[in-house]
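Right, one structure below, let's go through it.
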Amino acid sequence: MPLPPLLPAMASTFSPTSAARALLPASTSRPLFLAAASSGRIQPSRKGLDFRRGRFTVCNVAAPTAAEQEATASSAAKESQRPVYPFAAIVGQDEMKLCLLLNVIDPKIGGVMIMGDRGTGKSTTVRSLVDLLPDIRVVVGDPFNSDPDDPEVMGPEVRERVLRGDAGLPVTTAKITMVDLPLGATEDRVCGTIDIEKALTEGVKAFEPGLLAKANRGILYVDEVNLLDDHLVDVLLDSAASGWNTVEREGISISHPARFILIGSGNPEEGELRPQLLDRFGMHAQVGTVRDAELRVKIVEERARFDRDPKTFRESYNEEQEKLQQQISSARSNLGAVQIDHDLRVKISKVCSELNVDGLRGDIVTNRAAKALAALKGRDSVTVEDIATVIPNCLRHRLRKDPLESIDSGLLVIEKFYEVFS
């Protein structure tokens, strides 16, 4: 039966490609390409794709062009010109600053949750940490900040090249990155997405990395984390637990490392965190409003100086900032040599046990934080004072069993500590 006059015209112009353009958004970031045949069926390529039961992982990352590298360097230069309040200029809030420094020294502590009143400098302090972050070795052009020496934090392509015995990986040094996770971010932006349009138009499959890829070996900061949507909380829980991010789209499975220091801040008046997410934070810092009038005046004056002339204000703290940077760098280098006596380890575990702390994260984090504090102070052994300093921050947010309960201020932990260590 012949088609009516209108239908042939529609049939001649309609194609899966045009439909994909109409339904799918265009790619906006640099993709990771997977080899594919022109027919759209995925074929094994020389890039080393891994086929197992119909699943494969990305093993080829598109290297940035010279223009892209220049644009990235220009963007980084512009970012560095933005005035950031110096970390050394933060007045008070010693507990919060200590927790942040310990996590920079030993990222395996697992991050820090900062809860406190509004206007107490939580976000300012976290963002001021950027100037103190040390340099790390990364593979040039890799969107996952791959470590050329550690296979556990290598992207798929870099790992494949290492397995092939490629000794010519271009390596450079870069500062640890800090990635802000906006409350309104979509799941695709956080996890990354597979660009199906390229599969239909160009015969290739492409993966566009998300914020978790960018945060690998860096810091992921979530302001107002207690207001984060549940589906993004689930994504963070999964990645924080495994250290890997897996994207499942259209029958394709793509995995990449996502090991980051998770830093969150929020106001408890706006709601508490789910206990499952709270437990993923290694340490918990409570921030209160400064009550001393003289100290409040000093804070106001320092902020006024910074707002009036940020460059001069930052230069006045250069010496203190450099001293703190050297202290952090030295502590990171000496961390492996710090020892903690077996007797102290037993007492730490006894405190956790008698406080009925679920799991072993409390024991592990307390040991790591105490060693990081000893390294920060330039010692090679942990003392009882080191443990007394960090144990409230490591355990108090793990005592809450009921989501409706509030987090203990740490007095219960301190009482049990002195009871056990006496």
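Brief remarks on what is shown
- Summing Lys and Arg as +1 and Asp and Glu as -1 over all other residues whose Cβ lies under 13 Å from the Cβ of GLU95 gives a net charge of +2.
- Take the Cα of THR201, step 7 Å toward its Cβ, do the same at SER242, and the gap between the two points is 3.1 nm.
- Applying a threshold of 18 Å to the alpha-carbon distances of LYS108/LYS371; LYS350/LYS416; LYS323/LYS377; LYS323/LYS371 flags LYS323/LYS371 as lying beyond it.
- Given a 1.4 Å probe and the protein chains as shown, VAL153 ends up with an accessible area of around 10 Å².
- Region 76-228 - percent of accessible surface contributed by carbon and sulfur, probe 1.4 Å: 50
- Portion, in percent, of the accessible area of region 337-421 that falls on carbon or sulfur, probe 1.4 Å: 52
- Among the protein heavy atoms, those of HIS342 account for about 140 Å² of accessible surface (1.4 Å probe, every chain in place).
- Trypsin sites (Lys or Arg not before Pro) within region 250-356: DSSP coil, no more than 10 neighbouring Cβ in 10 Å: ARG291
- Note that region 337-421 presents 49 Å² accessible area per residue, ligands and nucleic acids not counted, probe 1.4 Å.
- Backbone amide hydrogens, once placed in the peptide plane, bring VAL112 within less than 5 Å of LEU262, ILE263, GLY264, GLY282, MET283, excluding anything fewer than 5 places away on its chain.
- Region 337-421, relative contact order in percent, only Cα pairs under 8 angstrom and at least six apart counted: 35
- For region 207-312, applying the loop criterion from DSSP together with a ceiling of 10 other beta carbons within 10 Å to the GluC sites (Glu not before Pro) yields GLU250.
The values are calculated or read from the model by the stated rules, or taken from the named source; none is laboratory data. Keep in mind it's a predicted model, so treat the numbers as computed, not measured. All Cβ positions, even for glycine, are placed from backbone atoms using ideal geometry, and neighbour counts span all protein chains on display. Surface areas here come from the heavy atoms of the whole protein model, side chains and all, with no ligands, DNA or RNA. Shrake-Rupley method; radii C 1.70, N 1.55, O 1.52, S 1.80 Å.
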